[in-house]
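Trainee: Here it is, the structure, as structure tokens.
What follows draws every value from the coordinates through simple rules; no lab data is involved. Please read these numbers as outputs of a predicted model, since none were measured by experiment. When we count neighbours, we look across all protein chains shown, and the Cβ atoms used for this are built from the backbone with ideal geometry, even at glycine.
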Amino acid sequence: MRVWCWRAAVLLAALLLWEGAARMLNPILYVGPSRLPSALGRVLATRDLPPLSGHVWLTLGEITAAYALAVAGGLWVGFLLGLRKTLGRIYEPLLAALYAVPSVVWYPSLMLFLGLGPASKIAFGVLLGFFPVTLSVLAGIRQVPDTLVVVAVSMGAGRWTLFRKVMLPAMASTMVGGLRSGLALSVVGVLVGELLGARAGLGYVINYAYGLMMTAEYAALVVLVAAAVLLLDGVGSVIEGRVKRWAG
Amino acid sequence: MGRLTVFACQALSIAAALLGWEAAVRGGVVDPLFVPAPSAVLGVLAGTVPETLPRLGDTLVKTFLGYALAVCVGVPAGLVLGSRPAAHAVAMPYVVALYGIPKILILPWIALIFGIGLSTAALSAAVFAIFPVVVLVAAGTRDVDPALVTVAVSMGANRVQIARKILLPAVLPSVLTAMRVAVVFALLGALLAEMLAGNRGIGFQMQRTALAFRAPELFAITAIVSVLSISVVLFLEHLNRRLGRWR
């Protein structure tokens, strides 16, 4: 209980500091929290801005597509390299090397290849989300105790039973962590793509407001998107907790 | 399977991929305007290097400034949060939340205040790198076994001895991991700032090359940057293993 009071106090202090600093400085560059609600109202009423709902749906669609493809590809590659040890030994270092490259390096090429439409954003979201999923599957498979597998097989467990009863529980907590960071990175990928060059989507609206120096509207949009991302991640953490409890 | 065989298989796979790519371009499966053949990329590579290296240096300076800032602020912050349970309970949810928010959202604002020069990119690098540092160092510090400290105190160790003999070796691995992870984050932040609002540096050059449809040059620059960051990461991992052996 006392912890919650302190947390609230920290938040309040940060907001007051922000407000105080913003009042003393140039109002075009620095937007205090007190100006956010009215700016949010203007954004939602879409005065001077492109109508929001279409852009929100487009961005959500891009994120969904990117995450679905990243999960499908990541699980497939992860299990392929994890279960076929030879393939794993050859290709896992190559994957790890690619992961060491700052991802944004790939975006200009994707933009050139796929254009400014949704395809390049989805591709970038897939690229970012793919790695944590794949790497978590590989790490999870390594956590499966060999003895359990040997015992289960010697007792006559089939492939599916082996996977369902032995491997999945041992892998679950690592894998679900990877799936969660994959979602976060898919979201980042789509947003980065939209901010770096797009004609539609939430990132485009943010860029539009910023480009016209509508700083209050820009700040309101950023707070809105950040809150949505945190909410999504909160749901992810609840699911992660459930799965971890199931796996023990 | 020996290490040499694995290495040969890796080299063969990369060669096969490059050959397949070359064949796809020559066979007209993909348009060379958007995806140039590896031979075309190789052709412009030598010409791209003189233009790219100074810009790359520019970007690396920004990356280093932001990285240094992130480590100098992030490591002490992580140590404080990790060693004081009350501070951890109050502040950590905020740190994790800030870590989770896509940093790209506030880049336009940073660019608005600091302009399109060095400070924006350096600050962006710092913003990208600082949160993983704080989180990793705090987690490592919390994991220090309190029993070790209790035993040392009961045996009459003073504060300096505890810090030197117990806390430092226990915390060092997580600090090193954080410092290694932060390099890629800082580079990412600097590149992103240059792409979004820059007039110099490699990120700006990549974005401009893409918009000018100079695909072979773009691929050559991408290859140079990729090879550079892969070698930096491999070098740091090597260093880490050496340090681990030393401990």
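Trainee: For the stretch A:32-247, with only Lys/Arg (+1) and Asp/Glu (-1) charged at the beta-carbon, what is the dipole magnitude about the Cα centre, in debye rounded to 20?
Mentor: 620 debye
Trainee: Per the Kirkwood treatment, what hydrodynamic radius in Å, one decimal, follows for the stretch B:101-215 from the mean inverse distance over all distinct Cα pairs?
Mentor: 16.7 Å
Trainee: Let me ask something else. Test of understanding: extend the Cα→C-beta vector of A:ASP146 to 7 Å, then name every residue of the stretch A:74-114 with backbone N under 16 Å from that spot.
Mentor: A:83-86, A:89
Trainee: What number, in percent, do you get for the relative contact order of chain A if the mean sequence gap of Cα pairs under 8 Å and at least 6 apart is divided by its residue count?
Mentor: 26 percent
Trainee: Could you please report the charge total around A:LEU138, scoring K, R as +1 and D, E as -1 over all other residues with beta-carbon less than 14 angstrom from its beta-carbon?
Mentor: Charge balance in the 14 Å sphere: +3.
Trainee: Taking chain B as the reference, fit the longest principal axis to its C-alpha atoms, fit the long axis of helix B:118-142 to the helix C-alpha atoms, and give the angle between the two in degrees, 0 to 90, nearest 10.
Mentor: The angle comes out at about 40 degrees.
Trainee: Give the average, rounded to an integer, of partner chain Cβ atoms located within 10 angstrom of each Cβ in A:108-118.
Mentor: The per-residue average across the peptide is 5.
Trainee: Please work out the FRET efficiency for the pair A:ARG84 and B:SER13, using the Cβ-Cβ distance as r and a Förster radius of 22 Å; give the result to the nearest 0.05.
Mentor: The formula returns an efficiency of 0.95 here.
Trainee: Further question: Could you work out the relative contact order of the stretch B:47-246? I mean the mean sequence separation of Cα pairs under 8 Å and 6+ apart, divided by the number of residues, in percent.
Mentor: Here the relative contact order equals 30 percent.
Trainee: For helix B:215-246, report the angle its Cα long axis makes with the longest principal axis of the Cα atoms of chain B; keep it between 0 and 90° and round to the nearest 10°.
Mentor: The helix B:215-246 is inclined about 30 degrees to chain B.
Trainee: A further question follows. Let me know the shape class of the stretch A:200-248, please: from the alpha-carbon gyration tensor, a ≥ b ≥ c as square roots of the eigenvalues, rounded when a/c is under 1.5, otherwise prolate if a/b is greater than b/c, or oblate.
Mentor: Prolate is the answer for the stretch A:200-248, as a/c is 1.5 or above and a/b outweighs b/c.
Trainee: In straight Cα distance, which aspartates and glutamates are under 18 Å from B:LYS165, not counting same-chain residues fewer than 8 positions off?
Mentor: Partners found: B:ASP143, B:ASP145.
Trainee: From the Cα gyration tensor of the protein assembly as shown, with a ≥ b ≥ c the square roots of its eigenvalues, which class applies: rounded if a/c is under 1.5, or else prolate if a/b is larger than b/c, or else oblate?
Mentor: Rounded shape, in that the Cα axes give a/c under 1.5.
Trainee: Taking beta carbons within 10 Å but only from partner chains, what does the mean come to for residues A:29-39?
Mentor: If you average over the peptide's residues, the count of other-chain Cβ atoms is 1.
Trainee: Let me ask another. Per residue of B:221-230, how many C-beta atoms from partner chains lie within 10 Å of its own C-beta, taken as a mean?
Mentor: Per residue, the average neighbour count from other chains is 4.
Trainee: In debye, nearest 20: dipole of the protein assembly as shown around its Cα centre with unit charges on the Cβ of K, R (+) and D, E (-)?
Mentor: 1340 debye
Trainee: How far apart, in nanometres, would the label points at A:VAL153 and B:ALA23 be if each is projected 7 angstrom from Cα along the Cα-to-Cβ direction?
Mentor: Here the answer is 3.5 nm between the modelled labels.
Trainee: If you bin the C-alpha pair distances of chain A every 10 Å from 0, what whole percents do you get?
Mentor: 7, 23, 26, 22, 14, 6, 2, 0
Trainee: Here's something else I'd like to know. From the residues B:THR48, B:LEU228, B:VAL171, which one has its Cα farthest along the dipole of the protein assembly as shown in the positive direction, the dipole being from +1 and -1 charges on Cβ of Lys/Arg and Asp/Glu about the Cα centre?
Mentor: Projecting each Cα onto the dipole axis, the largest value belongs to B:VAL171.
Trainee: Once you sort the root eigenvalues of the Cα gyration tensor of the stretch B:47-246 as a ≥ b ≥ c, which label holds: rounded (a/c under 1.5), prolate (a/b larger than b/c) or oblate (the other case)?
Mentor: Note, shape of the stretch B:47-246 comes out prolate.
Trainee: Are any of the pairs A:LYS85/A:LYS244; A:LYS121/B:LYS103; A:LYS244/B:LYS103 more than 19 Å apart by Cα-Cα distance, and if so, which?
Mentor: From A:LYS85/A:LYS244; A:LYS121/B:LYS103; A:LYS244/B:LYS103, over 19 Å: A:LYS85/A:LYS244; A:LYS244/B:LYS103.
Trainee: Here is a further query. Net charge within 10 Å of A:LEU202 by Cβ-Cβ distance, Lys/Arg positive one each and Asp/Glu negative one each, not counting A:LEU202 itself?
Mentor: -2
Trainee: Run the quick spin-label model on A:GLU19 and B:ARG84: label points 7 Å from Cα toward the beta carbon, then report their separation in nm to one decimal.
Mentor: About 2.6 nm separates the two model spin labels.
Trainee: Under a plain spin-label model, where a point goes 7 Å from the Cα along Cα-to-Cβ, how far apart in nm are B:LEU4 and A:ALA228?
Mentor: Between B:LEU4 and A:ALA228, the label points sit 5.7 nm apart.
Trainee: Turning to a different aspect of this structure: If you add up the charges near B:ALA190, with Lys and Arg at +1 and Asp and Glu at -1, over every other residue whose beta carbon is less than 13 angstrom from its beta carbon, what do you get?
Mentor: Residues near B:ALA190 contribute +2 overall.
Trainee: Indicate the helices, whole DSSP H runs only, in chain A that combine a mean Kyte-Doolittle hydropathy of 1.6 or more with a Cα extent along their long axis of 15 angstrom or more.
Mentor: none
Trainee: How big is the gap, in Å, between the Cα center of the stretch A:1-70 and the Cα center of the stretch B:129-181?
Mentor: The stretch A:1-70 and the stretch B:129-181 have Cα centres separated by 37 Å.
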